[in-house]
Amino acid sequence: MRDAHGEKIAAIARIWRGRTTAAKADEYAVYLREVGVTPLLETALGAQMFREDRGAETEFVTISYWESIEAMSRFAGSDPRRIHHLERDAEFLIELPESVQILDVVVDRRAVDF
């Protein structure tokens, strides 16, 4: 899908969530960004990484944006809902997530360019 200027626009969002202990959160944030998010930025239309500190644990959420399920499958494999754990996830995460969430993007408009 393309916008009026011919730029690819996101039609699909792939959302991953994982929790770590507060003690490991800072180290995992660096690891996730370098090993998990950076490769996404090379193939997805865009990606975001979020962090929520909750006392004893921290939740991380990554959202990657794709033009289609087919484009996402080229990165994630034939089943884009299947998790591809990072090499050190078992070391950091409280539990290994079993799936990701895939949503259709209904509105994709930014009020402010960063």
### Message
Looking at the structure I just gave you, is I69 out of contact with any helix residue (DSSP H, G or I) (no Cβ under 9 Å at 6 or more places or on another chain), at pLDDT 95 or above, more than 21 Å from K24 (Cβ to Cβ) and surrounded by 13 or more Cβ atoms within 10 Å (Cβ to Cβ)?
### Response
no
### Task
Kindly provide the set of residues from the range 36-60 that are loosely packed, with under 15 Cβ neighbours inside 10 Å, of a type in the set (A, V, I, L, M, F, W, C) and out of contact with any helix residue (DSSP H, G or I) (no Cβ under 6 Å at 6 or more places or on another chain), ordered by number.
L41, F50
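Taking the range 63-76, which residues are closer than 17 Å to V37 by Cα and not basic (K, R)? Before the answer, list the steps.
First, the residues of the range 63-76 that are closer than 17 Å to V37 by Cα: 63-66, 71-76.
Within the range 63-76, I63, S64, Y65, W66, A71, M72, S73, F75, A76 qualify.
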## Note on the structure
Going through (1) within 14 Å of the chain's Cα centre (by Cα); (2) among the small types (G, A, S); (3) modelled with pLDDT of 95 or more one by one, S64 fails only at (3)
### Message
I'm trying to understand the selection: among the residues of the range 47-98, which are of a type in the set (S, T, N, Q) and in a strand (DSSP E or B)?
### Response
Q48, T58, T62, S64
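The values are calculated or read from the model by the stated rules, or taken from the named source; none is laboratory data. A quick note: this is a predicted structure, and the numbers were derived from the prediction, not measured. Cβ sites come from the backbone with ideal geometry, for glycine too, and all protein chains shown count toward neighbours.
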